[in-house]
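Engineer: Input: one structure, supplied below.
The values are calculated or read from the model by the stated rules, or taken from the named source; none is laboratory data. Since the structure is predicted, the reported quantities are computational estimates derived from the model, not experimental observations. With ideal geometry, Cβ positions are generated from the backbone for all residues, glycine too; neighbour counts draw on all protein chains shown. For accessibility, only protein heavy atoms count, side chains too; no ligands or nucleic acids. Shrake-Rupley method; radii C 1.70, N 1.55, O 1.52, S 1.80 Å.
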Amino acid sequence: MAPHEPSLSVPVSHNGKRRRLIVIVWMFAAMVVGLFLFAYASITLLSAGRAYVQGEGLWSKGQKDAIYALSRYALYANDADYQTYLTALAVNQGDRIARLELEKAEPDLHVAHAGFVQGRNHPDDIPGMIFLFRQMRNVPEIDKAIHLWTQADQHLEMLTQVGTRIRSIANTRALTKEESQGFLSQLHDINAQLTPLEDGFSSTLGDVARKFTFLILLVMFVLVSVLLAGAYLFSRRLVLQFEAVQDTLQAGKKQLEDVLQFAPLPILITQSSDESVVYINDPALVQFQVNRADMGSMRARDFYVDSADRDRLIAAAQGTGTVRGLELHLKDAQGKPFWAQYSSQRIRYDGQDCLMTALVNIDEKRRVHDDLHYRAYHDELTCLPNRAMFMDALKRTLGRMERKNGMCSILFIDLDHFKAVNDQLGHEMGDLLLQQVAQRIQACVRASDLVARLAGDEFVVLIEEHEGADDARGIAQKILGALGRDYSLSGNTARVTASIGISRYPHDGVELNRLLTSADLAMYQAKTQGKNNVQFYRREDSSQLPG
Ligand SMILES: Nc1nc2c(ncn2[C@@H]2O[C@H](COP(=O)(O)OP(=O)(O)OP(=O)(O)O)[C@@H](O)[C@H]2O)c(=O)[nH]1
């Protein structure tokens with residue numbers, strides 16, 4: 001928008017609005033990040049639970065393998081079976097090391113990690129398992145599972161003791177059949193006691209997983225609902241605000257149109273992009289001779305007589321956004337031209353960049369002005385240029401002659417005995433004669449030469465670009481001849497002659513008043529020489545000037 005461009009919108013604090021928008025966007029961003037973190041933590045917890053269930057499987061397998069290998073060892077005393085027993089038991093012992101460490105107030109997490117690795121748990125799962133053990137201990141099901149695990153470890157301790165006893169006997173001698181049966185029976189008992197504990201551990205973890213899944217879904221549901229509700233409220237508010245702004249704009253537009261409609265001046269609004277007319281009031285319809293129904297097809301450019309005027313207006317409007325009092329030549333839809341004084345202002349109208357223009361038809365003003373101008377520079381009786389215009393023209397001509405070293409002459413013409421015509425035929429006839437004199441003089445010179453009436457029966461001719469004194473004399477003689485013929489004045493016949501004085505530029509001077517006075521003096525000489533003749537200015541004529 002241009003610096004001074006007014007807008008048909010409600011005044012609002014853009015800074016405050018922007019700040020509020022930023023707060024809302026960040027609020028939503030924080031909720032989305034929170035949702036993501038919650039989902040991450042939930043997935044971590046669930047996968048830790050899954051890792052424990054998997055670990056329990058490995059633990060059970062280790063325990064079962066250990067009892068099987070130890071049972072074989074008790075029967076056959078094969079050393080390989082004992083090694084298999086130790087290897088299988090190491091899995092359970094690793095988990096036990098981890099559990100014991102994690103139950104400490106300040107556990108060494110490296111020790112716990114190493115224990116879980118020994119328990120054949122996947123290294124990627126171990127951080128989650130440690131987290132679940134330490135942070136979720138106060139969840140009853142987790143506590144119960146750890147309790148079952150502790151109980152299982154106690155039975156494992158018994159298994160270890162049985163293994164140690166079998167080994168110490170087998171190292172010294174062969175076990176008796178009764179001893180073997182006794183050990184097998186103990187091992188069977190241990191296995192039987194461990195199996196429900198393992199099942200309990202698994203089902204407890206299953207309960208936890210289901211509970212967690214439910215809780216996670218619930219929390220997710222609540223968070224997503226809050227997010228959706230917030231998004232809905234925010235969107236609704238935006239829509240309401242947008243509608244309020246639209247309503248205000250429409251109301252502003254309507255008010256503006258009402259004001260413009262009753263304005264006494266033709267006013268129209270054009271869209272800057274394509275110059276289409278988007279609003280036109282009744283006085284403008286009349287001025288441009290158009291119908292409101294045709295508004296859609298109107299283009300401002302069609303109203304200019306000269307497209308350069310249009311360019312001038314657009315350039316001025318683009319500069320400051322405001323144009324005042326520009327005079328343009330326009331035409332209406334019928335092609336009739338008229339002069340208008342233009343004032344334009346860039347505005348926002350209906351959300352678009354537009355130009356609002358008020359214009360005044362100044363045809364009458366210009367006509368009066370032209371008339372006054374004409375009167376100021378023309379003689380009313382003969383319609384010839386008057387003294388003022390002659391002096392202006394003489395000034396310009398002398399300037400031009402000076403620039404190009406040219407020549408020009410002034411012929412000062414005064415009628416002889418004109419007073420007698422007035423006296424004998426009346427003033428009106430005298431006027432008629434003066435009009436005919438004007439026409440005859442004009443007929444003797446070129447269109448480019450200037451003929452003027454100075455006053456009364458005094459006329460002047462400004463002759464440009466002639467060959468010299470003979471040329472000027474020739475023209476003067478021609479005028480004498482023309483003026484000396486009879487005049488027919490409404491049934492009367494009159495006869496006058498004229499005396500002509502000539503001054504030449506630059507021969508007789510370069511200053512306009514001096515040149516005119518010199519021509520006047522030469523004319524005076526012609527009068528004194530008996531009238532009806534032509535005289536060139538001579539320097540000695542100046543001595544006759546008063547002073
Ligand atoms: N009808 C008419 N007479 C005018 C007008 N303006 C001036 N006169 C008369 O023109 C005459 C001009 O005076 P002069 O030049 O002294 O009269 P003149 O008889 O031509 O005298 P000379 O030039 O010495 O021959 C006066 O009688 C003026 O009243 C005019 O607009 N209409």
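Engineer: So which of G62, G94, G128 is modelled with pLDDT under 90 and assigned to a helix (DSSP H, G or I)?
Structural biologist: G128
Engineer: Okay, next question. Considering A30, A66, A80, which residue is of a type outside the set (D, E, K, R) and either touching a strand residue (DSSP E or B) at 6+ places or on another chain (Cβ under 7 Å) or under 17 Å from I190 (Cβ atoms) (or both)?
Structural biologist: Criteria check complete, one pass: A66.
Engineer: Right, something else. So which residues in the stretch 386-409 are open to solvent by 20 Å² or more (accessible area, probe 1.4 Å), away from the ligand (no atom under 16 Å from the Cβ) and not in a helix (DSSP H, G or I), if there are any at all?
Structural biologist: N405, M407
Engineer: Whether any residue in the stretch 115-137 is within 29 Å of T213 (Cβ to Cβ) and touching a Pro at 6+ places or on another chain (Cβ under 7 Å) is what I want to check.
Structural biologist: yes
Engineer: Can you tell me which residue in the stretch 130-178 is nearest to E103 (Cα to Cα), limited to those that are acidic (D, E) and without any contact (Cβ under 8 Å) to a residue 12 or more places away in the chain?
Structural biologist: Out of the qualifying residues, it is D143.
Let's see how each residue does on (1) open to solvent by less than 70 Å² (accessible area, probe 1.4 Å); (2) basic (K, R); (3) assigned by TED's automatic domain parsing to the domain that holds A69:
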position: T87; (1), (2), (3): no, no, yes
position: D95; (1), (2), (3): yes, no, yes
position: R173; (1), (2), (3): no, yes, yes
position: T176; (1), (2), (3): yes, no, yes
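Engineer: Shifting gears a bit: Name the single residue that is modelled with the highest pLDDT among those in the stretch 525-547 being part of a helix (DSSP H, G or I) and either more than 16 Å from the ligand (Cβ to nearest atom) or within 20 Å of I463 (Cα to Cα) (or both).
Structural biologist: Once the filter is applied, the top-ranked residue is A526.
Engineer: Same structure, new question: State whether the residues of the stretch 484-505 include one that is exposed (fewer than 13 other Cβ atoms within 10 Å of the Cβ), within 11 Å of the ligand (Cβ to nearest atom) and more than 60 Å from the chain's Cα centre (by Cα).
Structural biologist: Among the residues of the stretch 484-505, not one is exposed (fewer than 13 other Cβ atoms within 10 Å of the Cβ), within 11 Å of the ligand (Cβ to nearest atom) and more than 60 Å from the chain's Cα centre (by Cα), which makes the answer no.
Engineer: Can I ask one more? Of these, F201, F183, which one is under 21 Å from A90 (Cβ atoms) and either outside any helix (DSSP H, G or I) or modelled with pLDDT under 90 (or both)? Don't jump to the end; show me each part of the working.
Structural biologist: Details: F183 fails: either outside any helix (DSSP H, G or I) or modelled with pLDDT under 90 (or both).
Only one candidate passes the filter, namely F201.
Engineer: When you go through (1) touching a residue at least 24 places away in the same chain (Cβ under 8 Å); (2) within 20 Å of L326 (Cβ to Cβ) one by one for K253, which number turns out not to apply?
Structural biologist: (2)
Engineer: Here are Q424, Q436, Q477, Q442: which of them is under 23 Å from R538 (Cα atoms) and of a type in the set (S, T, N, Q)?
Structural biologist: Q477
Engineer: Could you count how many residues in the stretch 441-450 are aliphatic (A, V, I, L, M), open to solvent by less than 40 Å² (accessible area, probe 1.4 Å) and away from the ligand (no atom under 16 Å from the Cβ)?
Structural biologist: 2
Engineer: Just a yes or no: is a residue in the stretch 158-166 surrounded by 14 or more Cβ atoms within 10 Å (Cβ to Cβ), in a helix (DSSP H, G or I), within 60 Å of the chain's Cα centre (by Cα) and of a type in the set (S, T, Y)?
Structural biologist: No, the stretch 158-166 contains no residue that is surrounded by 14 or more Cβ atoms within 10 Å (Cβ to Cβ), in a helix (DSSP H, G or I), within 60 Å of the chain's Cα centre (by Cα) and of a type in the set (S, T, Y).
Engineer: Go over the candidates A376, A438 one by one and state the one that is assigned to a helix (DSSP H, G or I), open to solvent by less than 80 Å² (accessible area, probe 1.4 Å), among the hydrophobic types (A, V, I, L, M, F, W, C) and within 16 Å of the ligand (Cβ to nearest atom). Can you show your working first?
Structural biologist: Details: A376 fails: within 16 Å of the ligand (Cβ to nearest atom).
After applying the criteria, what remains is A438.
Engineer: If you check S203 against the conditions, is it under 14 Å from G55 (Cα atoms), small (G, A, S) and open to solvent by 40 Å² or more (accessible area, probe 1.4 Å)?
Structural biologist: Criteria met by S203.
Engineer: Failed condition for L454, given (1) surrounded by fewer than 16 Cβ atoms within 10 Å (Cβ to Cβ); (2) within 16 Å of the ligand (Cβ to nearest atom); (3) modelled with pLDDT of 95 or more, with all others met?
Structural biologist: (1)
Engineer: Restricted to the stretch 410-422, and to residues that are in contact with a Leu (Cβ under 8 Å, 6 or more places away or on another chain) and either near the ligand (Cβ under 6 Å from one of its atoms) or small (G, A, S) (or both), which residue is least open to solvent (accessible area, probe 1.4 Å)?
Structural biologist: Of everything passing the filter in the stretch 410-422, L415 is least open to solvent (accessible area, probe 1.4 Å).
Engineer: Quickly run through the stretch 423-434 and pick out the residues that are surrounded by 18 or more Cβ atoms within 10 Å (Cβ to Cβ) and either near the ligand (Cβ under 8 Å from one of its atoms) or closer than 12 Å to G456 by Cα (or both). Break it down stepwise before answering.
Structural biologist: Just the residues of the stretch 423-434 that are surrounded by 18 or more Cβ atoms within 10 Å (Cβ to Cβ), to begin with: 425, 429-430, 432-434.
The answer is M429, G430, L433, L434.
Engineer: Quick check on my filter: what residues within the stretch 261-279 are buried (at least 16 other Cβ atoms within 10 Å of the Cβ) and without any contact (Cβ under 8 Å) to a residue 60 or more places away in the chain?
Structural biologist: Correct list: E275, S276, V277.
Engineer: Taking strands (runs of 3 or more DSSP E) that fall entirely within the stretch 286-361, which contain at least 2 residues that are in contact (Cβ under 8 Å) with a residue 40 or more places away in the chain and under 24 Å from Q255 (Cβ atoms)?
Structural biologist: Fully inside the stretch 286-361 and qualifying: 337-349, 352-361.
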